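Taking it in order: structure first as structure tokens, then the write-up.
The values are calculated or read from the model by the stated rules, or taken from the named source; none is laboratory data. Note that the coordinates shown come from a computational prediction; the quantities given were computed from them, not determined experimentally. Cβ placement follows ideal geometry from the backbone for every residue including glycine, while neighbour counts extend to all protein chains displayed.
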Amino acid sequence: MKNKTNNRVRLDYIPSGVFEVGKSGVQASMETVEDSSAVFDEDGEDVSSTTLPGAKGYKYVNWGADNRLPYELIRLIGVDEVMSQNKLFNVLTCYGAGQKYNDYDTGRPTVDKEIKKWMLHNSIPSFMLEQATDMKYYFFCVSVIILSVDGSRIVRLRHKEACYCRFEKADDKGRINHVFYGNFRKSALREDEIEVLPLLDEKDPLGDLEVRMGRAPGKDGKKSIPTKDRKFAILVRFPTPGCRYYPLPNYTSIFRGDWFDIKRLIGKGKKAKLKNHATVKYQVEVHKDFWSNLLAEEHITEPVKQLERIKKEKENIKNFVSGIENSGKVWITGYYIDPNGKENRMVRINVIDTTKEGGDWSEDIQEASNITCYGDNIHPNLVGATPGKSQSNNSGSDKRELFTLKQSLEIAFHDLMYMPHNVVIHYNGWGEKVYPDVPMILLTTLDQNTDAKSTTANRINHNNDEDDN
């Protein structure tokens, strides 16, 4: 049986093309573009929520205007080679020398058999990398602790991907009581496809857990009957300006500005030049909504006629650009003002300067890469965004210091990410044996006869410098 094909025309993406401007030998590139800043919901807007299926009528807060913001961030980062590698670099520097449970007496990784077995069963290195990834992408991470049947110990520590988590709308006291975990990429979810997780107090998860399990008295001074729940969520959020349900990472300024879009257009222009072996003088930017608006205005709904009309309009654009070489013309197109007061034009024609030495846009692409690295809080020399022996390419000593500085900036993230580990350690009665630590990697000089060593910022009344690696 043949698979049914989808005849719907994708109006948000029309393939790019290059055409010759009349008989002048000059070529123009036509690209469908989007404004990356349009994916964010702004401060001050009403918080929209969605009711989950089921009798309890839980409501979760949408993440972005269409509840798809985390997936859009993944897509935008994934199409930029510099930014995607920056995220990996940030994750690896946050990981450092890995999550350790250090002995209080020695300051070195514990040798306690019970604790080592627990860490092995819970794959702590994998857990650390997953938590670091979400912290660098979304500035928050969610973990789940699973208690034993009798509730006396925490037996499992698991990571929940942030992009599939949604927060319940806060109650009258401003507290979020549940985290919902499910595949929110889907337009509709069934009740059995969503996991409802009780959320421990964000500021004091250990105290909240002990009260729920009847170990400690509540606000009334009395111990309550232990809850039957054995699975709880712990939320760790990095502080950002504004009181948001979902933090807005600082690096998103890259998308809100213009350089992300400029960098992508430069790549498209250079690709067009290489494919067609000619200098591209004009670049025509067509907004991704232009085609759908055109078809809607003319009430064209049939897929075949839609393609014909799009083809005709592309010819109109080509004819107009061709006329630029011969005479002055005016082209009137629509535009709109978005809720942020920003003007969005449907079609824009750019004249490309082809007289630059050293290749078209070479300086621009370097500048765009540097700005991207700056937005990700990474010096370009650490990730190779500025290749070659230029004045901005630092010496080995400078790079070593830059790497040490970068590692030290991860301490704030580490201190927050210790939260679930501290809950496990103290609830399981290991509080006098071990403490969580993520040693930093320090690159050394040649005279020390070693490539690197590790040290820690989490010192507990003793010298915690590790042996040379």
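Sub-6 Å Cβ pairs linking a first residue in the stretch 418-444 that is among the hydrophobic types (A, V, I, L, M, F, W, C) and at pLDDT 95 or above to a second residue that is in a loop (DSSP other than H, G, I, E, B) and surrounded by fewer than 19 Cβ atoms within 10 Å (Cβ to Cβ), at least 6 apart or interchain, are I425/G431, ordered by first then second residue. A count restricted to the stretch 216-261 and to residues that are buried (at least 16 other Cβ atoms within 10 Å of the Cβ) and either farther than 30 Å from K87 by Cβ or of a type in the set (A, V, I, L, M) (or both) stands at 7.
The numbered conditions (1) over 14 Å from the mean Cα position of the chain (by Cα); (2) part of a helix (DSSP H, G or I); (3) of a type in the set (F, W, Y) are all true for Y101 except (2). For the stretch 54-76, filtering for residues that are out of contact with any Pro (no Cβ under 8 Å at 6 or more places or on another chain) and not in a helix (DSSP H, G or I) leaves 13. Determine if the stretch 190-208 includes at least one residue that is touching a residue at least 60 places away in the same chain (Cβ under 8 Å), among the charged types (D, E, K, R), surrounded by 15 or more Cβ atoms within 10 Å (Cβ to Cβ) and farther than 21 Å from D376 by Cα. Looking for residues that are touching a residue at least 60 places away in the same chain (Cβ under 8 Å), among the charged types (D, E, K, R), surrounded by 15 or more Cβ atoms within 10 Å (Cβ to Cβ) and farther than 21 Å from D376 by Cα, one finds none in the stretch 190-208, hence no. Here D46, D35, D66 are screened, and the one residue that is under 21 Å from S369 (Cβ atoms) and at pLDDT below 95 is D35. For G151, state whether it is assigned to a loop (DSSP other than H, G, I, E, B), over 21 Å from the mean Cα position of the chain (by Cα) and in contact (Cβ under 8 Å) with a residue 40 or more places away in the chain. Yes. Any residue that is exposed (fewer than 15 other Cβ atoms within 10 Å of the Cβ), at pLDDT 65 or above and among the polar types (S, T, N, Q) - is there at least one of those in the stretch 97-106? Yes, the stretch 97-106 contains at least one residue that is exposed (fewer than 15 other Cβ atoms within 10 Å of the Cβ), at pLDDT 65 or above and among the polar types (S, T, N, Q).
Looking only at residues of the stretch 165-183 that are charged (D, E, K, R) and in a strand (DSSP E or B), we find that the one that is surrounded by the most Cβ atoms within 10 Å (Cβ to Cβ) is R166. Output the residue which, of all residues in the stretch 299-318 that are among the aliphatic types (A, V, I, L, M) and in contact with a Leu (Cβ under 9 Å, 6 or more places away or on another chain), is farthest from K288 (Cα to Cα). Going through the qualifying residues, I end up with I300.
Consider the stretch 408-427 and keep the residues that are part of a loop (DSSP other than H, G, I, E, B) and surrounded by 17 or more Cβ atoms within 10 Å (Cβ to Cβ). The one that is nearest to the chain's Cα centre (by Cα) is E410. Of all residues in the stretch 193-235, which are over 14 Å from I146 (Cα atoms) and small (G, A, S)? The answer is G207, G214, A216, G218, G221, S224.
Looking across the stretch 148-164, the residues that are surrounded by fewer than 21 Cβ atoms within 10 Å (Cβ to Cβ) and farther than 13 Å from F127 by Cβ come down to S148, V149, D150, G151, S152, R153, V155, C163, Y164.
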